[in-house]
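Have a look at the structure below, then the notes.
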Amino acid sequence: MKKSVVVVGGGIVGLFSAIYLKREFDQVIIIEKDKEIGGLLKSITNKNGINFDYGTHIPSETLKSDIDNILFKDINSKEWEIWETSTVGNYFSGALYTSSGYANTLKLPKEKYLVGFVDFLNGEGADYPEENLKCYLDKVYGKEFTQIIYEPLMKKIVGRPLNSLHTNAFRLFDISRLIIGDYNLTKELKKSKKIDSKSAYPDYSQGATSNKKFYPKNNLGVVKWLKDLISQALELGIEIKTSSEINRIEYKNKYITTIELSNGESYSPEKVIWSIPPYLLLKHLDITKKSKNFKPEFRKSIICNIVVDKNFKVNNQYIYCLDSTMKSYRITIYPNLTKTLIEKNIFNCTVEVLLDKEEECNKQEIVQELFKMNIIDKTFNIISFDYEIIENGFPIITEEYIKEMKEQTELIRNNVNNVCLIGKAKGEQFFMNDTLVEAYKELSNLYE
């Protein structure tokens, strides 16, 4: 067994890493600056005792046993809803489409659809090597679909023009496929790898992955998953240091020798697992002078938590609002995640809104959008409407952001031998499962 490892950052990736590493290290310490670990993997309880999540976090299998045996160790059908295909819908081009979360181009005016369809078929595959988002979308999806779908949609989500963004800004949100025909046409077109990489079947049940998804029963919220993982970590003897900021890092001969916390505690780890932005490490090291200490910009996320007096008019677990004229982005409908809420007559949803720092939205605006999308109607009464503001909701992935992240991670790799960068520190993956798999691969290399 090795002596000790410090995991900096207590999000889901950091927590998983700590549990995974305990098999190889005598001492594992998680350092988290917030009062609680888990990042955005949290739930909040309103004054009536109803739970809401910070965004849509539905745990799902990675199909890698070393990961899933940790993440889902305590899951059982008595306490959890378990399913394979998520029921996702969207609102696009003035119509609610309950069969898929992807934009259905058949809803566009016929002349625009036909022009876009031809461009789409003649475009490149999704792996086209272009970093500027405007150029990438034009080449892959065609100029027509770029102009009438992606340009206004990305402006709504990210608040920046396409030509200022990196292609990863687009990949951060699950909008990389389009519905371009009915099932039979799509099946034929998907015989081409190029078309397959960017097109979606018109129904979420067609071509769906087989990995299981999970959600807690009984109004417990996804925070139950987090609590189970924390209990697992504590049972293994992992030390969790919350409300703890790094005060000083001693660095010598390309090795971090000491990490000192603001409360005076210090550790001398054999390895450091860094899961938060890399500039925060660089500022503690002498090599900081070689870097610009670039800080990413973020869009503000407003989490609107709403309770109504009737069950919702759709059976989807969540709906993406792809209408660029509306503030709503993603609507999570909890009674469709767990039947136990319906049994308790709890009808609640979360509406996520992404805005620039100075922008605002109001209750009436969001409620009117739910009416317009036909998720509720005017016979519904709003029992409660609360909201949470997350100032640093989503990073704005510009070309400069990617360039700086690459430079900073390379700088760390070339100058520090006992640091492993994972999660936000690498900035290469954004979806929860992708970051977990990436972290697993990096951590596995420590044992070789």
*Inspect region 184-192 for any residue being assigned to a loop (DSSP other than H, G, I, E, B), at pLDDT below 95 and open to solvent by 40 Å² or more (accessible area, probe 1.4 Å) and give the result as yes or no.*
no
*Check on Ser244, among the hydroxyl-bearing types (Ser, Thr, Tyr) and in a loop (DSSP other than H, G, I, E, B)*: yes
*Candidate set: region 209-235, residues that are open to solvent by 80 Å² or more (accessible area, probe 1.4 Å) and part of a loop (DSSP other than H, G, I, E, B); chosen: the one farthest from Leu71 (Cα to Cα)*: Thr209
*What's the number of the condition Leu108 fails, among (1) modelled with pLDDT of 95 or more; (2) closer than 20 Å to Asp196 by Cβ?*
(2)
*Would you check which residues across region 29-43 are open to solvent by less than 20 Å² (accessible area, probe 1.4 Å), at pLDDT below 95 and of a type outside the set (Gly, Ala, Ser) and list them?*
Ile37, Leu41
*Of the residues Glu438, Glu442, Glu428, which is modelled with pLDDT under 90 and surrounded by fewer than 22 Cβ atoms within 10 Å (Cβ to Cβ)?*
Glu428
*Name every residue in region 12-28 that is surrounded by fewer than 24 Cβ atoms within 10 Å (Cβ to Cβ), in contact (Cβ under 8 Å) with a residue 12 or more places away in the chain and either of a type in the set (D, E, K, R) or not in a helix (DSSP H, G or I) (or both), in order of residue number.*
Lys22, Glu24, Phe25, Asp26, Gln27
*Would you confirm whether any residue within region 145-165 is among the polar types (S, T, N, Q) and within 21 Å of Leu355 (Cβ to Cβ)?*
yes
_Flag for Ile195 being surrounded by 14 or more Cβ atoms within 10 Å (Cβ to Cβ), out of contact with any Phe, Trp or Tyr (no Cβ under 7 Å at 6 or more places or on another chain) and closer than 30 Å to Glu407 by Cα_ = no
*Can you name the strands (runs of 3 or more DSSP E) wholly within region 298-374 that have at least 2 residues being more than 20 Å from Phe214 (Cα to Cα) and open to solvent by 10 Å² or more (accessible area, probe 1.4 Å)?*
298-308
_Residues to consider are Asn76, Asn122, Asn69, Asn46; find the one that is touching a residue at least 24 places away in the same chain (Cβ under 8 Å) and either open to solvent by 60 Å² or more (accessible area, probe 1.4 Å) or of a type outside the set (Gly, Ala, Ser) (or both)._
Asn46
*Looking at (1) in contact with a strand residue (DSSP E or B) (Cβ under 6 Å, 6 or more places away or on another chain); (2) at pLDDT 95 or above, which is the only condition Ser4 fails?*
(2)
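The values are calculated or read from the model by the stated rules, or taken from the named source; none is laboratory data. From a predicted model like this one, the values you see are computed outputs, not experimental measurements. Neighbour counts are summed over all protein chains in view; Cβ atoms, including those assigned to glycine, are modelled from backbone coordinates with ideal geometry. The protein model used for the area step is the full one, side chains on, heavy atoms only, and it has no ligands, DNA or RNA in it. Shrake-Rupley method; radii C 1.70, N 1.55, O 1.52, S 1.80 Å.
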